[in-house]
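The values are calculated or read from the model by the stated rules, or taken from the named source; none is laboratory data. All values derive from a computational prediction rather than experimental measurement. Every residue, glycine as well, gets a Cβ built from its backbone with ideal geometry; the counts of neighbours run over all protein chains shown.
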Amino acid sequence: MGNGLGPHVVGQRIVVRRLVRGETGPSGGPALTDLLGVCEAFGDGVVVVRPETGPPVAIPFADVVSGKPVPPRPSVRDRVPAREAQLRGFALFPDLVTAPLGDWVLRDSATATARRANSVLAFGPAGVGDAVEQVVAHYRRPVAAVLAGSDEDALLTGMGWVPESHESDTLFQVAGTAQVARAVRSVDDAGVSLVEDGGLVTARVGDRASGVAAYADDWVGFRSIEVDPAHRRQGLALQVMAALLGWGAERGATTAYLQVLGDNAAALALYAGLGFRTHHRYRYLVPAGTRSASSG
């Protein structure tokens, strides 16, 4: 169609101006109305639009006056500062012990080996003159999580700190649980077992795939989504995600989040298909001479 619509807009947010059959507009001509929503289908003579409320609407091509894609509506979760999003992620480590260092946060876990459970969260100025010295004194092996390209990144690299490993930056990604639920609605997760323990829930598909989730303050977070190499490309990760998402949604979660390395193409493709997008990116730094290939 020559109005910006076509099969390419399926899955996008669009606005369609259409005729209202049997009604007359203020000028005496045909009545027109606009419909805003997500295009679910385009073809066979109709464009199907799902508005924010109510059922999908099928609009005959003959009734379409104009239409075009429109940017996604900014969500509340997108406006959450990176530091606050990281604080919400603490729920994934129930035994996490935290201590403020000005506006930085010292994080320690007796059981978790992940870096985000054993490092300082250095997002924004610490407001403490000797913060870096205190970090070095606190940890046997100091690790700092910093927003890529931030003043804290420049501060520490200027003091000789270096990337903790050769990995890409870590991406903190978010999605609406309703959007993820739509993406997995056809996934059969009947074979997934869920076990709750200590504030976490673990999903397993036998010994072939597993994942962990935590819920807090209407956010559900995922970590350790793993599939045995011999059983990949069988949809097992989707089954795990569907089961964990359902668990979180039952508790009232409206936002889902996870963290993934920026060079993990397979995982990024999976999560993009579920509606996740990058909220912010960060990396880990260590004093020179203490590099490692650890992850998390």
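Overview of values
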{"item": "Total residues in the stretch 112-145, condition of a type in the set (Gly, Ala, Ser) and assigned to a loop (DSSP other than H, G, I, E, B)", "result": "8"}
{"item": "Residue match in the stretch 26-44 (condition: touching a residue at least 40 places away in the same chain (Cβ under 8 Å) and either surrounded by fewer than 15 Cβ atoms within 10 Å (Cβ to Cβ) or among the basic types (Lys, Arg) (or both))", "result": "no"}
{"item": "Test: residue in the stretch 160-176 that is more than 21 Å from Leu92 (Cα to Cα), out of contact with any Lys or Arg (no Cβ under 6 Å at 6 or more places or on another chain) and aromatic (Phe, Trp, Tyr)", "result": "yes"}
{"item": "Residues of the stretch 253-283 classified as in a loop (DSSP other than H, G, I, E, B), small (Gly, Ala, Ser) and farther than 16 Å from Arg182 by Cα, total", "result": "1"}
{"item": "Enumeration of residues in the stretch 77-97 that are assigned to a helix (DSSP H, G or I) and in contact with an Asp or Glu (Cβ under 9 Å, 6 or more places away or on another chain)", "result": "Arg83, Arg88, Ala91"}
{"item": "Criterion (modelled with pLDDT under 90, in a strand (DSSP E or B), farther than 21 Å from Gly275 by Cα and not aromatic (Phe, Trp, Tyr)) met by exactly one of Gly4, Gly22", "result": "Gly22"}
{"item": "Matching entry among Gly149, Gly221 (being closer than 26 Å to Pro81 by Cα, without any contact (Cβ under 8 Å) to a residue 24 or more places away in the chain and within 23 Å of the chain's Cα centre (by Cα))", "result": "Gly149"}
{"item": "Strands (runs of 3 or more DSSP E) fully within the stretch 184-232 counting 3 or more residues that are closer than 16 Å to Leu270 by Cα", "result": "209-216, 219-227"}
{"item": "Evaluation of Val240 against (1) modelled with pLDDT of 95 or more; (2) aliphatic (A, V, I, L, M); (3) within 14 Å of the chain's Cα centre (by Cα); (4) assigned to a helix (DSSP H, G or I) (one fails), failing number", "result": "(3)"}
{"item": "Considering residues of the stretch 80-94 that are crowded, with 18+ Cβ neighbours inside 10 Å and of a type in the set (A, V, I, L, M, F, W, C) only, the residue modelled with the lowest pLDDT", "result": "Val80"}
{"item": "Any chance Arg77 is surrounded by 14 or more Cβ atoms within 10 Å (Cβ to Cβ) and either farther than 24 Å from Val136 by Cβ or hydroxyl-bearing (Ser, Thr, Tyr) (or both)", "result": "yes"}
{"item": "So Gly102, is it surrounded by 12 or more Cβ atoms within 10 Å (Cβ to Cβ), of a type in the set (Gly, Ala, Ser) and on the phi > 0 side of the Ramachandran plot", "result": "yes"}
{"item": "Conditions (1) farther than 30 Å from Ser150 by Cα; (2) over 22 Å from the mean Cα position of the chain (by Cα); (3) without any contact (Cβ under 8 Å) to a residue 40 or more places away in the chain; number of the one not met by Gly4", "result": "(3)"}
{"item": "Asp188 being in contact with a Ser or Thr (Cβ under 8 Å, 6 or more places away or on another chain), surrounded by fewer than 21 Cβ atoms within 10 Å (Cβ to Cβ), in contact (Cβ under 8 Å) with a residue 40 or more places away in the chain and farther than 22 Å from Ala91 by Cα", "result": "no"}
{"item": "Counted residues, the stretch 96-119 - those being within 22 Å of Leu258 (Cβ to Cβ) and not polar (S, T, N, Q)", "result": "8"}
